[in-house]
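Student: Mind looking over this structure? Questions follow.
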Number of protein chains: 2
Amino acid sequence: MQNSVTVIAPVNIAVIKYWGKRNESLILPINDSLSVTLSTADLCSKTTISADPSYESNQIILNGKEENFENERILRCFEMIKQRALEAESCPKELLDCKIHVDSENNFPTAAGLASSASGYACLVYGMAQLYSLKKQEISDIARMGSGSACRSIYGGFVQWQKGVELDGNDSMAVQIAPASHWPDLNVLILVVNDSKKKVGSTSGMARSVVTSELIKYRVEKCVPQRIHSITQAIKDRDFPKFAELTMRDSNQFHAICLDTFPPCVYMNDVSHAIVSYIHEFNKNEGETKVAYTFDAGPNACLYLPEKYVKRVLSFINHVFPNDNQESVEYIRGTPVELENEENDFSQYIPYAKNSLKYIIHTKVGDGPSIVE
Amino acid sequence: MQNSVTVIAPVNIAVIKYWGKRNESLILPINDSLSVTLSTADLCSKTTISADPSYESNQIILNGKEENFENERILRCFEMIKQRALEAESCPKELLDCKIHVDSENNFPTAAGLASSASGYACLVYGMAQLYSLKKQEISDIARMGSGSACRSIYGGFVQWQKGVELDGNDSMAVQIAPASHWPDLNVLILVVNDSKKKVGSTSGMARSVVTSELIKYRVEKCVPQRIHSITQAIKDRDFPKFAELTMRDSNQFHAICLDTFPPCVYMNDVSHAIVSYIHEFNKNEGETKVAYTFDAGPNACLYLPEKYVKRVLSFINHVFPNDNQESVEYIRGTPVELENEENDFSQYIPYAKNSLKYIIHTKVGDGPSIVE
């Protein structure tokens with residue numbers, strides 16, 4: 001009887017955004033979404049779960065701090081996984097009767113503004129599934145009950161969260177469109193923006209949008225289904241310009257919906273909008289779409305770009321967003337990248353205020369959760 | 001034969017926004033819009049037009065600088081007014097044959113970011129109509145040919161620009177919903193924001209929105225007609241809370257459409273969004289809607305509010321947007337307003353960065369163009 005397992009799970013960044021629930025408690029979305037799973041080599045949650053007859057209570061430690069296991073979402077994931085293991089008879093009944101201890105941490109700061117709940121719940125649910133030897137079963141629906149977008153972190157590569165139509169949400173789950181190996185060329189730069197503004201949390205923000213935005217109806221009914229279809233094709237064709245345009249358009253539309261919410265939710269700031277503006281200018285002047293931006297419910301940009309453009313785009317970003325720490329390993333994190341030594345002609349672009357970015361993470365598309373030996 | 005006239009015309013600020021043309025050259029909009037005309041006592045364009053047989057060419061001076069009269073829009077307004085005078089036989093044929101000299105200036109700086117083209121073209125067209133003794137005829141359609149929103153500055157009070165349905169645009173004109181005297185209590189504070197960012201002009205911005213925004217279709221077909229109907233009723237009822245909510249929602253939706261445009265048009269900045277956030281917080285804490293915001297294609301806020309709240313709102317704005325010049329007459333312009341002396345309890349609101357506002361203009365709803373004796 002295995003009674004301890006350590007797993008890691010990835011972060012994912014949506015290119016067609018999830019915004020709005022049709023059922024709050026079951027976490028059922030009003031539209032499909034589609035994301036890229038990022039490499040666990042650079043960003044991941046890591047969770048150790050152990051079960052032992054000697055444990056007197058369930059415990060959970062998040063980033064070194066004990067949290068309340070009796071949290072509704074954690075309990076629900078735990079009970080659902082145990083139920084599924086019971087039905088599948090995948091492990092001894094005695095193991096299911098044990099209390100568990102969970103120790104989870106992220107290898108990236110919460111301050112990065114990345115959705116740690118997605119990788120965190122994916123890691124928890126995947127870890128519990130391993131503990132109970134649930135190998136083949138679908139578990140993305142359980143991860144969804146922890147945090148909506150966590151269901152997409154159960155798979156690597158390119159992942160669609162199908163909203164489903166059933167009232168109980170049994171058909172609302174993640175599906176892999178293509179593995180990371182299908183398009184390993186896709187690189188990612190996360191520009192972490194210096195920002196102190198308090199913001200509307202995404203849970204309450206999307207609830208407010210569903211109730212107050214008039215435009216969200218049109219987005220959900222007309223725009224998203226077409227975009228899911230088109231971007232799936234772009235991914236299958238490894239058509240970067242098409243993938244990039246759809247990604248940028250959907251990021252913009254998501255933030256448009258936030259602004260159409262009453263009172264409005266504002267997640268992007270002046271620096272975010274400057275990034276958008278520079279990237280459009282850059283792509284236009286380069287004569288082709290070399291890089292795409294997308295913004296979640298925060299000011300940080302996630303840039304998608306083919307590997308061959310990483311050096312040039314990073315040199316460009318360093319030109320327009322100068323930083324005192326530009327040369328340090330603390331500033332450009334993740335997968336190392338050599339900056340261009342050749343002469344760059346970026347003088348036509350007027351730089352933005354110094355130190356507007358906190359740091360940059362370089363990573364790429366990656367695989368789903370895995371066991372750490 | 002009168003051969004000289006001096007007129008003034010007002011600025012107007014839309015509460016249901018004009019954004020998008022169905023015909024670029026005829027300046028026909030894709031949706032109705034509705035605005036409040038501001039008092040010429042504080043903001044206006046002033047134009048002197050003279051006609052004389054001795055003039056050898058048409059001339060136009062704008063804010064002290066000679067401009068090209070052969071500008072397509074100016075010429076079109078001039079020819080249309082003369083044509084209408086000819087048909088109406090409103091003045092001697094010899095007067096119509098004379099060249100004219102136009103001298104126009106705004107009593108507010110262009111830097112204020114206020115749409116000077118609306119008051120400017122309204123003034124030009126109204127002035128020419130006076131010169132040729134066209135007293136009763138509709139001229140808002142001619143002002144529209146100069147600059148779309150200029151048609152609304154032909155009337156005082158509350159003005160609807162009906163988009164019309166005819167291909168030649170003959171039914172696209174302004175209509176007064178109610179005169180200023182119907183709701184003289186409506187005051188206005190214009191918060192001029194310190195900003196240096198170059199922006200997409202509204203003409204090219206709206207053209208891009210029509211072509212690239214998917215959400216604009218829904219706005220035009222579903223949202224605007226309902227809003228025009230509701231806000232007209234709110235104006236008739238002098239129902240400030242309803243007027244305020246519709247105004248704020250439509251400002252937000254207009255900027256949402258701008259963001260859904262590709263590449264996006266961004267007119268509001270961090271200060272603009274801070275104004276929005278503070279006003280929602282203020283209204284909520286005051287227990288009633290005391291003030292509404294609206295933003296045109298720029299970062300400046302136009303606040304509508306009942307007269308009795310001007311002091312308190314201005315005190316609030318001065319608290320959250322502290323300025324080194326707060327006490328000077330240069331900072332709070334327009335109709336004088338005494339600040340509250342009583343104790344204000346605004347300590348719960350954390351002020352924004354100092355000097356984020358350039359200055360404030362206090363004015364109110366006002367009448368249409370008039371002759372200066």
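Student: Which ³J(HN,Hα) values, rounded to whole Hz and listed in residue order, are derived for segment A:216-228 from phi using the Karplus coefficients 6.51, -1.76 and 1.60 in 6.51 cos²θ - 1.76 cosθ + 1.60 with θ = phi - 60°, glycine and proline given as x?
Tutor: Ordered by residue, 3J(HN,Hα) equals 4, 4, 5, 4, 5, 7, 9, 7, 4, x, 5, 5, 4 Hz.
Student: I'd like the accessible area for residue A:173, computed on protein heavy atoms only with a 1.4 Å probe and all protein chains in place. Round to 10 Å², please.
Tutor: Surface accessible to solvent at residue A:173 totals approximately 50 Å².
Student: While we're here: With the radius of gyration and the Kirkwood radius both derived from the Cα set of the protein assembly as shown, what is their ratio Rg to Rh?
Tutor: Numbers: Rg = 30.0 Å, Rh = 28.6 Å.
Over the Cα atoms of the protein assembly as shown, Rg/Rh equals 1.05.
Student: State the cysteines of chain B left without a partner when partners are defined as other cysteines whose beta carbon lies under 4.7 Å away.
Tutor: When partners are defined as cysteine Cβ atoms under 4.7 Å apart, chain B leaves B:44, B:77, B:91, B:98, B:123, B:151, B:223, B:302 without one.
Student: Kindly state, to the nearest 0.05, the FRET efficiency for residue B:284 paired with residue A:354, given R0 = 41 Å and r defined as their beta-carbon distance.
Tutor: On the way: r = 37 Å, r/R0 = 0.90.
Rounded to the nearest 0.05, the efficiency is 0.65.
Student: So how exposed is residue A:339, as accessible area in Å² (1.4 Å probe, rounded to 10)?
Tutor: 60 Å²
Student: Determine ³J(HN,Hα), in whole Hz, for all residues of segment A:360-368 in sequence, where each value follows from phi through the Karplus function 6.51 cos²θ - 1.76 cosθ + 1.60 and θ = phi - 60°; x replaces Gly and Pro.
Tutor: 10, 10, 9, 8, 7, 4, x, 8, x
Student: Related question: Tally Lys/Arg at +1 and Asp/Glu at -1 over every other residue whose Cβ is under 12 Å from the Cβ of residue B:174; what's the total?
Tutor: Residues near residue B:174 contribute -1 overall.
Student: On a 1.4 Å probe surface of the protein chains, which of A:101, B:362 comes out largest in accessible area, and what is the full order?
Tutor: The most accessible residue leads, giving A:101, B:362.
Student: Okay, moving on. Run the quick spin-label model on residue B:370 and residue B:89: label points 7 Å from Cα toward the beta carbon, then report their separation in nm to one decimal.
Tutor: Using points 7 Å along Cα→Cβ, the separation is 3.3 nm.
Student: Here's something else I'd like to know. So what's the net charge close to residue B:90: Lys and Arg +1, Asp and Glu -1, counting the other residues with Cβ under 13 Å from its Cβ?
Tutor: +3
Student: Summarise the partner chain shielding of A:212-224 as one whole number: the mean count of Cβ atoms from other chains within 10 Å of each residue's Cβ.
Tutor: Numbers: counts 2, 4, 10, 11, 2, 2, 9, 4, 0, 1, 4, 4, 0.
For peptide A:212-224, the averaged partner shielding equals 4.
Student: On C-alpha positions alone, give me the angle between the axis of helix B:116-131 and the longest principal axis of chain B, in degrees, nearest 10.
Tutor: Between helix and principal axis, roughly 30 degrees.
Student: Past the 26 angstrom mark, what percentage of all C-alpha to C-alpha distances in segment B:4-180 do you count?
Tutor: Details: 4008 of 15576 pairs.
So the portion of pairs separated by more than 26 Å is 26 percent.
Student: Using θ = phi - 60° and the Karplus relation 6.51 cos²θ - 1.76 cosθ + 1.60, list the HN-Hα couplings for segment B:37-45 in order, rounded to whole Hz, with x at every Gly or Pro.
Tutor: With the stated coefficients, segment B:37-45 comes to 7, 8, 4, 6, 4, 10, 9, 6, 9 Hz.
Student: Under 5 Å between amide H atoms, partner at least 5 residues away or on a different chain: which partners does residue A:262 have, H built in plane at 1.01 Å?
Tutor: So residue A:262 has HN proximity to A:212, A:213.
Student: How would segment A:22-62 be classified by its alpha-carbon gyration tensor: rounded, prolate or oblate, with rounded meaning a/c under 1.5 and the a/b versus b/c comparison settling the rest? Could the numbers behind the result be given before it?
Tutor: Details: a/c = 4.25, a/b = 1.45, b/c = 2.92.
Verdict is oblate for segment A:22-62.
Student: Helix-derived [θ] at 222 nm for chain A: sum -39500 (n - 2.57) over DSSP H runs of at least 4, divide by residue count, nearest 500?
Tutor: Computed ellipticity for chain A at 222 nm equals -10000 deg cm²/dmol.
Student: While we're looking at this one, here's another question. Run the 1.4 Å probe and let me know the accessible area of residue A:217, rounded to the nearest 10 Å².
Tutor: 100 Å²
Student: Which FRET efficiency value, to the nearest 0.05, is calculated for residue A:339 and residue A:6 with the Förster distance at 25 angstrom and r the Cβ-Cβ distance?
Tutor: Details: r = 36 Å, r/R0 = 1.43.
Taking R0 as 25 Å, the efficiency between residue A:339 and residue A:6 is 0.10.
Student: Counting DSSP beta bridges in chain B, what percent are antiparallel, to the nearest 5?
Tutor: 90 percent
Student: At a Förster radius of 41 Å, what calculated FRET efficiency corresponds to the Cβ-Cβ distance of residue A:329 and residue A:70, to the nearest 0.05? Write out the running numbers ahead of the final one.
Tutor: Details: r = 41 Å, r/R0 = 1.00.
Efficiency for this residue pair is about 0.50.
Student: So for the pair residue B:207, residue B:315, with labels modelled 7 Å out along Cα→Cβ, what separation do we get in nm?
Tutor: Result: 5.0 nm between the two label points.
Student: Let me ask another. At 7 Å along Cα-to-Cβ for each site, give me the label-to-label distance between residue B:41 and residue B:170 in nm.
Tutor: Each label point lies 7 Å from its Cα, and together they span 4.1 nm.
Student: Next question, about the same structure. Rounded to the nearest Å, what's the spacing between the alpha carbon centres of segment A:109-173 and segment B:66-88? Just the number, please.
Tutor: 66 Å
Student: Counting Lys and Arg as +1 and Asp and Glu as -1, each charge on the Cβ, what is the dipole of the protein assembly as shown about the Cα centre in debye, to the nearest 20?
Tutor: Roughly 980 debye for the protein assembly as shown.
Student: Distance between Cα centroids, segment A:258-283 to segment B:330-372: provide it in whole Å.
Tutor: Each part's Cα centre sits 29 Å from the other's.
Student: For chain B, what is the largest minus smallest coordinate of the Cα atoms on each principal axis, given in angstrom and ordered from greatest to least?
Tutor: 69, 46, 40
Student: Ordering A:33, A:117 by how much accessible area each has at a 1.4 Å probe, largest first, what is the list?
Tutor: Ranked from most to least accessible, the order is A:117, A:33.
Student: Right, something else. Would you pull out the residues with amide H under 5 Å of residue A:28's amide H, same chain only if 5 or more places away, H placed 1.01 Å from N?
Tutor: A:22, A:23
Student: Once you sort the root eigenvalues of the Cα gyration tensor of segment A:186-364 as a ≥ b ≥ c, which label holds: rounded (a/c under 1.5), prolate (a/b larger than b/c) or oblate (the other case)?
Tutor: oblate
Student: Relative to the longest principal axis of the C-alpha atoms of chain A, give the angle of the C-alpha long axis of helix A:240-260, reported between 0 and 90° and rounded to the nearest 10°.
Tutor: The answer is roughly 80 degrees.
Student: Also, I was wondering about something else. Would you please give the residues with an amide H less than 5 Å from that of residue B:194, counting only those at least 5 places away or on a separate chain, with H modeled from the backbone geometry?
Tutor: Result for residue B:194 returns B:357, B:358.
Student: Moving on. On a 0 to 90° scale, report how tilted helix B:202-212 is relative to the longest principal axis of chain B, with both axes built from alpha carbons and the result rounded to the nearest 10.
Tutor: 80 degrees
Student: For residue B:24, go 7 angstrom from Cα along the Cα-to-Cβ vector, then report the distances to that same point in the other copies in nm, smallest first.
Tutor: 4.8
The values are calculated or read from the model by the stated rules, or taken from the named source; none is laboratory data. Values in this document were obtained by computation on a predicted structure and should not be read as measured data. Positions of Cβ are generated from backbone atoms using ideal geometry, with glycine treated the same way; all protein chains shown enter the neighbour counts. We work out accessible area using only protein heavy atoms, side chains counted, and drop any ligands, DNA or RNA first. Shrake-Rupley method; radii C 1.70, N 1.55, O 1.52, S 1.80 Å.
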